[in-house]
Amino acid sequence: MNTPIRRLGFVVAALFCSVLLAASYIQVLQAKSLNNRPGNTRIINAGYKIERGSILVDGKAIATSRKSNDKYVYERQYTNGSLYAPVTGYSSLVYGNGGGLEGAENEVLTGTSDSLFYRRLVDVVTGKPKQGANLELTINPKIQQAAAQALGNRRGAVVALDPKTGAVLAMVTSPSYDPNNLASHDTEAVTKTWTQMNAAANQPMVNRTIGGTLYPPGSTFKLVTSAAALESGNYSNSSTLPGPATLRLPQTTHSLPNDDGRACGPNDETSLLHALEVSCNTAYAQLGMDLGQDKLASQAKKFGFGDVMRVPMRVTPSTFPTQLNEPQTAMSAIGQYDVRVTPLQIAMISATIANGGNQMQPYLVKNVVDSDLDVIKSTDPKVRAKPISGQTADSLTEMMEAVVNNGTGKQAAVPGVQVAGKTGTAQGDTKNAADLWFTGFAPANDPKIALAIVLENGGDQGVEALAGSVAAPAARQIFEAAVR
Amino acid sequence: MSLGLTRTTSGTKRGTELFLLGFAVVVVLFAYASVGLAIDGTMPADIMTLGIGLGVLALVFHLVVRIVASYADPVLLPTATLLNGLGLVMIHRIDVARGRDIMEGAALRQLMWSTIAVGAAITLLFLIRDHRKLRRYTFTFAAAGLALLMMPMLPFIGMNINGNRIWIHIGPLSFQPSEVAKILLTIFFASYLVQTRDALSLVGKRFLGFPLPRARDMGPIMFAWLMSLAVLVFEKDLGTSLLFFGLFVAMLYVATERRSWVAIGLILFFTGCYVAYLLFANFQNRVALWLDPFTPGQSDQVARSLMGLAFGGITGTGLGRGYPTFNYSEANSDFIMSSFGEEIGLAGIMAMIVLFAIIVERGLRIGIACRDGFGKLLATGLAFSVCLQCFVVLGGITRVIPLTGLTTPFLSAGGSSLLANWAIIALLLRISDQARRPSVAETDPTRGSDDTQVVKVR
């Protein structure tokens, strides 16, 4: 009977090994995805047992953990909650960590990130209690405040970048919400607030600068079309373009008018520079058809369309449509049809032009610091791409200066400082009102800030309002805060 | 017997056992201290009491083994002690998490049952001085085993817990009779198969080059199969059913050395499972939960246990620092291993699974070394029953197979399980004592009449 007993031994070994393998699979390979499952109460509870790191703006905490008197040990507190909500997000007992850095940098804030491994080891050896690391942000509180004031209680978004580094100086969406209402340990009230906010038509929890329903860029996209033209080598900013009052679009009975119903220059002709200055639809529609959809698409791609970026929150990729016929190409060239963008993408286009053609990787976290504010890790500015040459950038700067000095963007001008910019009025899917844009940078010769501002549904001035009279003055307020 | 497996040991090895026992007690005390330190930040006040209690219990058992089974296997007792002790610590830890104090907690009851179980095992060692005498009661054991197995189906005393009717209830005591039935039936199988193995293994025709047994020899396996099906159908207990049938097929194979029995057994088993799956919603739910533990609207028991295991990761949260109570009320019974997985991590449960493997491996070794056929089969059967039980419950937690309710040997809170598993240890110790006793005993004319001395060695 010994042979079958030995064989049975192999069966025993196989049974135990299958369990060991399955346990290894669950506890090692599957662990991360199981831990990240929504509704994993262990992770949420564990998060409250350790002191979560603070989020700092200019040395002051905008999110911090305070001892609470209940079983959860710590409670999250936000200063100026609704101003910074799109940046911080929320840390909630019921809904976990999300909506911003609380979610995207959760592992650093709880101290469980792999990059903090050695520090954790030191803490274990020295017997320090587990503690999360703090985040120092790139946000400039003055600009953030000015951006929020510029939006007021209109729906919209502002994102401002340092064109030379990619640092995000301001990230504001309106309406916003107070994350303190989600961080509360009164779970019933939190559930109620959450349900209300998610059902609200004005979507206060959506960070409009990087996500949500993307916007049609309108005439701000003419910067991309201009870049494509200049990069092709066949155009300079003094090249002559046709600029009639209306342009018959091929293959349709439809014709495209200019906003003011007039031709863009004498003899129905204009230059590239002047076409941007007055935001000439007919000139750009024709230019787009002449360049062709491939050149437009490839220029957009170079600027970052279609790429998933993380700041470290995930940025929804902006899109340029494919398989266009001629009239669709014409409409896309002026930022209509199916072109959809995030305000961050538009701000990055201005920032690239401002930075001589070098596009910097946008980032929100300047430093990861420990509780003694010693820097653990700092972000080095990185060139993300080079979508345009320095020469193209100079030409575009010149054109954008003309927009502010003589064209549609006059109201963005700041006395004593040269501003460069571009307005945009975009008819969205809802035919009721337009989204109003301004993007630009200042000072033009030594840029400190590049921004994009969008006001949904015509801001508060209804259908007739144009970007120049609504978005441009709002942008001016932000520029003033930044350069003064 | 010339394979060097049985004569590698010389002497009684009682010193080894004592040393390992001391080690086991120390590990348990460390675990206990670690729970206290994690939860209150203080050394538990009663750690000395526990240490002395556990130490005395182990020492008494050790001394008994010295006296009545001095050549017994030296690893079994320490391994079982370690597992039992760790189980106690986890049950205590879950009591603390639930805010129960020591008097009303499950840990004290478990400690009491551990003492009773160890006492019972000691008594067994005293009572059964020669395991072969068990053969005299072959059919008594069979009858008792079957009766116990069927008891939960009776009205009044049978109890339905979580859809499984595997408990009996008399007064304040609830008892899982299948645990004890497991041992009685193993003794019966061993005894019966030793008698009939020649007929079962030698007679028969070949079919497609495969030796098939005669129809009338199919009787026993069909009977075992029907019994398992009855347990499955009437008690809704897939685990126990699988355990009994698997055990019977394994012992049949060992007794007859014919693989055809395994094939027949597997076919019957899977047929039974498939039919049960078609007929009972209970099984369909379990299978659905096995394939996707996160199915909305279903029990999230497995899902929570998986998240606990993942939360523990490789090294675990540390005892007292996880959330094992999130695994519902089974955190200290069916799911006790996921509580361990959460708090001592993959590294910890790997070590614990290896402890189970050691018990099974020692059991099989005892089977190989044993000189009589009955002892061989009994040791093999007992060892394999521990293995199957571990596989059914641990495989259920780790999603190798659908989850079925069975207790984890030595760990789960519950008296019947402890009693049964300590009895298995006592029986294995008894058989191993006989197996390892120097060969002088073989020439002893009073023992030499065994017809099972014929052992095939290849």
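The values are calculated or read from the model by the stated rules, or taken from the named source; none is laboratory data. As the structure is a prediction and not an experimental result, all values here were calculated from the model. Note: ideal-geometry Cβ built from the backbone for every residue, glycine included; neighbour counts use all protein chains shown.
Regarding A:Leu169, is this residue of a type outside the set (D, E, K, R), at pLDDT below 90 and within 29 Å of A:Glu136 (Cα to Cα)? It would help to see each step written out before you state the result.
Working: of a type outside the set (D, E, K, R): yes; at pLDDT below 90: no; within 29 Å of A:Glu136 (Cα to Cα): yes.
When the stated conditions are applied, A:Leu169 does not pass them.
Looking only at segment A:166-198, filter to residues that are among the β-branched types (Val, Ile, Thr) and farther than 20 Å from A:Thr79 by Cα; which one of those is surrounded by the fewest Cβ atoms within 10 Å (Cβ to Cβ)?
Within segment A:166-198, the match that is surrounded by the fewest Cβ atoms within 10 Å (Cβ to Cβ) is A:Thr195.
Take segment B:64-104 and flag every residue that is more than 24 Å from B:Arg430 (Cβ to Cβ), in a loop (DSSP other than H, G, I, E, B) and of a type in the set (D, E, K, R).
B:Arg98, B:Arg100, B:Asp101, B:Glu104
Being among the acidic types (Asp, Glu) and modelled with pLDDT under 90 narrows it down to one residue among A:Asp394, A:Asp370, A:Asp380; which is it?
One residue alone meets the criteria, A:Asp370.
Quick test for you: out of B:Gly415, B:Gly375, B:Gly405, pick the one residue that is at pLDDT below 95 and within 14 Å of chain A (Cβ to nearest Cβ).
B:Gly375 is the lone residue from the list that is at pLDDT below 95 and within 14 Å of chain A (Cβ to nearest Cβ).
Filter segment B:256-311 for residues that are within 30 Å of B:Tyr192 (Cα to Cα) and among the β-branched types (Val, Ile, Thr); which is surrounded by the fewest Cβ atoms within 10 Å (Cβ to Cβ)?
Taking the candidates together, the pick is B:Ile267.
Would you check which residues across segment B:285-314 are in a helix (DSSP H, G or I), more than 12 Å from chain A (Cβ to nearest Cβ) and without any contact (Cβ under 8 Å) to a residue 40 or more places away in the chain and list them?
B:Asn285, B:Ala288, B:Leu291 - these are the residues of segment B:285-314 that are in a helix (DSSP H, G or I), more than 12 Å from chain A (Cβ to nearest Cβ) and without any contact (Cβ under 8 Å) to a residue 40 or more places away in the chain.
Failed condition for B:Thr380, given (1) surrounded by fewer than 24 Cβ atoms within 10 Å (Cβ to Cβ); (2) at the interface with another protein chain (Cβ under 10 Å from one of its Cβ atoms), with all others met?
Going through (1) surrounded by fewer than 24 Cβ atoms within 10 Å (Cβ to Cβ); (2) at the interface with another protein chain (Cβ under 10 Å from one of its Cβ atoms) one by one, B:Thr380 breaks only (1).
Return a yes/no flag: does segment A:261-272 have any residue that is without any contact (Cβ under 8 Å) to a residue 24 or more places away in the chain, farther than 23 Å from A:Ile388 by Cβ and surrounded by 24 or more Cβ atoms within 10 Å (Cβ to Cβ).
Yes; the residues of segment A:261-272 include at least one that is without any contact (Cβ under 8 Å) to a residue 24 or more places away in the chain, farther than 23 Å from A:Ile388 by Cβ and surrounded by 24 or more Cβ atoms within 10 Å (Cβ to Cβ).
Conditions first: (1) over 24 Å from B:Val89 (Cβ atoms); (2) away from every other protein chain (no Cβ under 12 Å). B:Ser339 passes all but one, so which condition is the exception?
Of the numbered conditions (1) over 24 Å from B:Val89 (Cβ atoms); (2) away from every other protein chain (no Cβ under 12 Å), the odd one out for B:Ser339 is (1).
Looking only at segment B:30-62, which residues are under 24 Å from the mean Cα position of the chain (by Cα) and without any contact (Cβ under 8 Å) to a residue 60 or more places away in the chain?
Once the filter is applied, which keeps residues that are under 24 Å from the mean Cα position of the chain (by Cα) and without any contact (Cβ under 8 Å) to a residue 60 or more places away in the chain, segment B:30-62 yields B:Leu54, B:Gly55, B:Ala58, B:Leu59, B:His62.
Can you pull out the residues in segment A:43-83 that are modelled with pLDDT of 80 or more, in contact with a helix residue (DSSP H, G or I) (Cβ under 7 Å, 6 or more places away or on another chain) and farther than 12 Å from A:Leu109 by Cβ?
Hits for segment A:43-83 are A:Val57, A:Asp58, A:Ile62, A:Glu75, A:Gln77, A:Tyr78, A:Gly81, A:Leu83.
So B:Val254 fits all but one of (1) farther than 26 Å from B:Asn285 by Cβ; (2) among the aliphatic types (A, V, I, L, M); (3) more than 14 Å from every other protein chain (Cβ to nearest Cβ); (4) in contact (Cβ under 8 Å) with a residue 40 or more places away in the chain; what number is the exception?
Failed condition: (3).
Only residues that are β-branched (Val, Ile, Thr) and closer than 16 Å to A:Gln427 by Cα: list them for segment A:323-340, please.
In the first step, residues of segment A:323-340 are kept if they are β-branched (Val, Ile, Thr); the result is A:329, A:334, A:339.
Of everything in segment A:323-340, those that are β-branched (Val, Ile, Thr) and closer than 16 Å to A:Gln427 by Cα turn out to be A:Ile334, A:Val339.
Find the residue count for segment A:8-38, including only residues that are at pLDDT below 85 and farther than 23 Å from B:Met337 by Cβ.
So the count comes out to 2.
Taking only segment A:8-24 into account, find how many residues are more than 7 Å from chain B (Cβ to nearest Cβ) and either surrounded by 15 or more Cβ atoms within 10 Å (Cβ to Cβ) or under 30 Å from A:Arg76 (Cα atoms) (or both).
1
Taking B:Leu319 as the residue in question, decide whether it is surrounded by fewer than 17 Cβ atoms within 10 Å (Cβ to Cβ) and either of a type in the set (Gly, Ala, Ser) or away from every other protein chain (no Cβ under 12 Å) (or both).
No; evaluated as a whole, the condition is false for this residue.
Identify, by number, the condition in (1) touching a helix residue (DSSP H, G or I) at 6+ places or on another chain (Cβ under 9 Å); (2) at pLDDT below 90; (3) part of a loop (DSSP other than H, G, I, E, B) that A:Thr425 doesn't meet.
Of (1) touching a helix residue (DSSP H, G or I) at 6+ places or on another chain (Cβ under 9 Å); (2) at pLDDT below 90; (3) part of a loop (DSSP other than H, G, I, E, B), only one is false for A:Thr425: (3).
Taking only pairs six or more apart or across chains, which ones have beta-carbon atoms under 8 Å, a first residue in segment A:225-246 that is in a loop (DSSP other than H, G, I, E, B), and a second residue that is acidic (Asp, Glu)?
Cβ pairs passing all conditions: A:Asn237/A:Glu398; A:Gly243/A:Asp268; A:Gly243/A:Glu269; A:Pro244/A:Asp268; A:Ala245/A:Asp268.
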